[in-house]
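Novice: The following block contains the structure, expressed as structure tokens.
The numbers here are math on the coordinates, done by the rules we state, and not lab data. Remember, predicted model here, so these are calculated numbers, not experimental data. Cβ coordinates were reconstructed from backbone atoms using ideal geometry, including for glycine residues, and neighbour counts include every protein chain displayed.
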């Protein structure tokens, strides 16, 4: 685990601020994707990505802490855990190392915080 706060409902908030706790910078994207869940595959939109995880928009609810796989046709499959949930969005933490994730994205994602 990389210090991600698990929260259901509103996004997690901390005294130091959520962005300051992130280990990796995020890149805003709008990419169609699929999410393999224990209950089937869902279509989703990837809203942002980092070497540590992703933020997705979904039209169906999913469970907090579920183990899932994000599928991006151009880049492959990314095993992950759902670490926060709102009505329409979820946050994923990739379960692979940042180096493995970076190897598939190349220079698309920024390194560092």
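Novice: Among 27-35, 80-88, 99-107, 48-56, how do they line up from the highest to the lowest mean number of other beta-carbon atoms within 10 Å? Walk me through the intermediate numbers first.
Specialist: On the way: 27-35: 14.9, 80-88: 18.1, 99-107: 13.1, 48-56: 23.0.
Top of the packing list down: 48-56, 80-88, 27-35, 99-107.
Novice: Relative contact order (percent) for the range 22-113, with alpha-carbon contacts under 8 angstrom and 6 or more residues of separation? Write down the numbers at each step before the final one.
Specialist: Numbers: 211 pairs, mean separation 26.9, N = 92.
Rounded, it is 29 percent for the range 22-113.
Novice: Between residue 39 and residue 102, what FRET efficiency comes out of the Förster formula 1/(1 + (r/R0)^6) with R0 = 30 Å and r the beta carbon distance, rounded to 0.05? Don't jump to the answer; show the numbers that get you there.
Specialist: Numbers: r = 30 Å, r/R0 = 1.00.
Taking R0 as 30 Å, the efficiency between residue 102 and residue 39 is 0.50.
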